[in-house]
Amino acid sequence: AKESGRNGCQFYTADMNEQAQQRLELENDLRRAIERNELEMYYQPKVLLADGRIVGAEALIRWKHPSGKFVPPSDFIPMAEENGLIIPIGEWLIQDVCAQIRRWCDEGLAVPCVAINLSARQFQSQNLPDMLALAISEAGIEAQAVELELTESFLMNDMEANIEMMVLLKRMGFALAIDDFGTGYSSLSYLKRFPVDILKIDNNFVRDVAADHDSAELVRGVIGMAHGLKLEVVAEGVETPEQLAFLREYRCDMIQGYYFSRPLPAADFAALLREGKRL
Ligand code: C2E
Ligand code: CA
Ligand code: CA
Ligand code: CA
């Protein structure tokens, strides 16, 4: 029994080494991903329930690994946060999105506000405001064309500094949204202090609204509270007509999800705008 125990342990170690090795390889690949042009931004429409029109988009990063596979952001964004690569990647993607907005404007499209996800490390880097200012001025677009999504969980750490940064970004003209709402631990009194415009309810709660009483109550409560604070509410991850009906009934402002559209390559998103697709 001891023998096999030791073997088991050795297997375990070998396995761990292999995992660490794979991780290191992925990390090295990610380091080169920008130069190799393997990163691409996709755009998912946000729709206003009042008239069914596309009123926004969320930019979501995609990585086409040299092996040909798409690596989901959940497999490399947390890693990039840890090793600091999120800083150059974040800078690249902000420039890329701003340049894309410029091109769409030049093509004569009525471009809705595009939301960019900021990770904790980016948000806490001192040169974020300068970097954003440079990106919009180089692209020749207004700050109003860009919305910044900040997750509830990281805003709660070091609140005073975060509020200061939010105030500055708002003053520059960017719209601010709180992402993944419901997954963190914000209390209402804190939420009131954040100078944000939009609250995004996390997929996890939206998924169950039509089936589960507790999720339904939570979503209903969040919408009511957000409206009380004069915030607009976006429900993420809307996939079914039942979810849509629920969100309509409780006066959610906007929806985003596969029900209307998956995240799309820039050209496909532009095609939706051009054809004026509605919910
Ligand atoms: P998130 O910010 O909450 O983004 C929403 C996620 O939900 C996206 O996953 C989107 O593709 C997915 N989604 C949209 N509609 C539906 C739906 O109807 N059903 C389901 N099941 N999922 C839906 P994605 O693109 O895989 O991104 C995952 C997470 O990775 C994002 O969560 C965000 O936290 C992070 N991420 C993605 N792009 C970026 C980026 O450019 N920068 C940063 N810092 N993080 C990013
Ligand atoms: Ca987001
Ligand atoms: Ca989210
Ligand atoms: Ca989420």
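The values are calculated or read from the model by the stated rules, or taken from the named source; none is laboratory data. As the structure is a computational prediction, the values presented were derived from the model and not from experiment. As a convention, Cβ positions derive from the backbone with ideal geometry for all residues, glycine included, and neighbour counts pool all protein chains shown. Surface areas here come from the heavy atoms of the whole protein model, side chains and all, with no ligands, DNA or RNA. Shrake-Rupley method; radii C 1.70, N 1.55, O 1.52, S 1.80 Å.
What number of lysine-lysine pairs in the range 57-204 show an alpha-carbon separation below 30 angstrom, given a sequence spacing of 8 or more or placement on distinct chains? Walk me through the intermediate numbers first.
Values: 64/200; 69/200; 170/192; 170/200; 192/200.
Lysine pairs, 8 or more places apart or on different chains, close enough: 5.
Using a 1.4 angstrom probe with every protein chain in place, what is the largest-first accessible-area order of 65, 227, 213? Working shown, then result.
Numbers: 65 35, 227 70, 213 125 Å².
Sorted descending by solvent-accessible area, the residues read 213, 227, 65.
What is the percent of Cα-Cα separations in the range 157-198 that go past 15 Å?
Working: 359 of 861 pairs.
Here the tail beyond 15 Å accounts for 42 percent of pairs.
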Taking only Cα atoms of the range 124-257, the Rg to Rh ratio with Kirkwood Rh works out at 1.01
Amide H contacts under 5 Å for residue 49, restricted to residues at least 5 apart in sequence or on another chain and with H modeled in the peptide plane, are 254, 255
Ordering 129-142, 111-124 by per-residue average of other C-beta atoms within 10 angstrom, highest first, gives 111-124, 129-142
For the chain, the dipole about the Cα centre with charges only on Cβ (Lys and Arg +1, Asp and Glu -1), to the nearest 20 debye, works out at 360 debye
Low-density loop chymotrypsin sites (Phe, Trp or Tyr not before Pro), the range 173-279, at most 14 other Cβ within 10 Å, DSSP non-H/G/I/E/B, are 185, 258
Scattering profile of the range 112-203 from the Debye formula, Cα beads only, expressed as log10 I(q)/I(0) at q = 0.13 Å⁻¹, is -0.40
Log entry: pair-distance distribution for the range 184-279, C-alpha pairs binned every 10 Å from zero, whole % per bin is 15, 44, 29, 12, 0
In a Gaussian network model of the chain with springs linking alpha carbons closer than 10 Å, the residue among 253, 51, 15 that fluctuates most is 15
Here the net charge surrounding residue 100, from other residues whose Cβ is less than 14 Å away from its Cβ (Lys, Arg +1; Asp, Glu -1), is -4
Over the chain, the quotient of the Cα radius of gyration and 2.2 N^0.38 Å is 1.10
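Against the globular-protein guess of 2.2 N^0.38 Å, express the Cα radius of gyration of the range 47-130 as a ratio, rounded to two decimals. Before the final figure, lay out the partial values.
Working: Rg = 15.2 Å, N = 84, 2.2 N^0.38 = 11.8 Å.
Computed over Cα atoms of the range 47-130, the ratio equals 1.29.
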If N is the residue count of the range 10-95, its Cα Rg over 2.2 N^0.38 Å rounds to 1.41
